[in-house]
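Here's the structure we're looking at; comments come further down.
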Amino acid sequence: MVKKIQNNDMSEVNAQALAVVDFSAVWCGPCKMLAPVVDELAEEMAGEASFYNVDVDDNADVAMKYGIQSVPSIFLFKNGEIVDRTVGFQPKAQLKAWIDAHKA
């Protein structure tokens, strides 16, 4: 399950061992293409990583804090620290491999 970040509150993300955060916007075409991919991975990787979505229009402070300039942007957090990021649509296999590479 992908949890929605509300009120610019990233505390739950920062408490996770491994968190995938999808920064997106409702008006963004590639974001709409990526959403079902992230949903599938959230189900498949339950227990391995936590998945979150941040609507950059509704959470402008968080978007500014992390320097989001393009959506979709996907950030990978380990124990509250950013370990990697990617921008743009990613096919499911590629996104899963990217996440898996940071699990160890």
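General observations
- Matching residues, the range 41-59, being more than 14 Å from A97 (Cα to Cα) and either more than 13 Å from the chain's Cα centre (by Cα) or among the basic types (K, R) (or both): E43, A46, G47, D57, D58, N59
- With respect to (1) among the aliphatic types (A, V, I, L, M); (2) part of a helix (DSSP H, G or I); (3) touching a strand residue (DSSP E or B) at 6+ places or on another chain (Cβ under 9 Å), the lone exception for M64 is condition (3).
- Condition met for K96 (open to solvent by 10 Å² or more (accessible area, probe 1.4 Å), in contact with a helix residue (DSSP H, G or I) (Cβ under 8 Å, 6 or more places away or on another chain) and not in a strand (DSSP E or B)): yes
- Filtering K32, K92 for residues that are free of Cβ contacts under 8 Å to residues at least 12 places away in the same chain and among the basic types (K, R) leaves a single hit, K32.
- Search result, residues across the range 1-30 that are within 21 Å of Q69 (Cβ to Cβ), in a loop (DSSP other than H, G, I, E, B) and either of a type in the set (K, R) or out of contact with any Pro (no Cβ under 9 Å at 6 or more places or on another chain) (or both): I5, N8, M10, V26, W27
- Residues being open to solvent by less than 10 Å² (accessible area, probe 1.4 Å) and among the β-branched types (V, I, T) - total across the range 54-91: 3
- Residue in the range 51-58 that is more than 14 Å from F75 (Cα to Cα) and touching a residue at least 24 places away in the same chain (Cβ under 8 Å) present: yes
- Filter result (under 22 Å from A104 (Cβ atoms) and surrounded by 13 or more Cβ atoms within 10 Å (Cβ to Cβ)) within the range 23-44: V38, L41, A42
The values are calculated or read from the model by the stated rules, or taken from the named source; none is laboratory data. These numbers come from a predicted model, not from an experiment. Using ideal geometry, Cβ is built from the backbone for each residue, glycine included, and neighbour counts are taken over all protein chains shown. Protein only, heavy atoms only, side chains kept; ligands, DNA and RNA dropped before computing areas. Shrake-Rupley method; radii C 1.70, N 1.55, O 1.52, S 1.80 Å.
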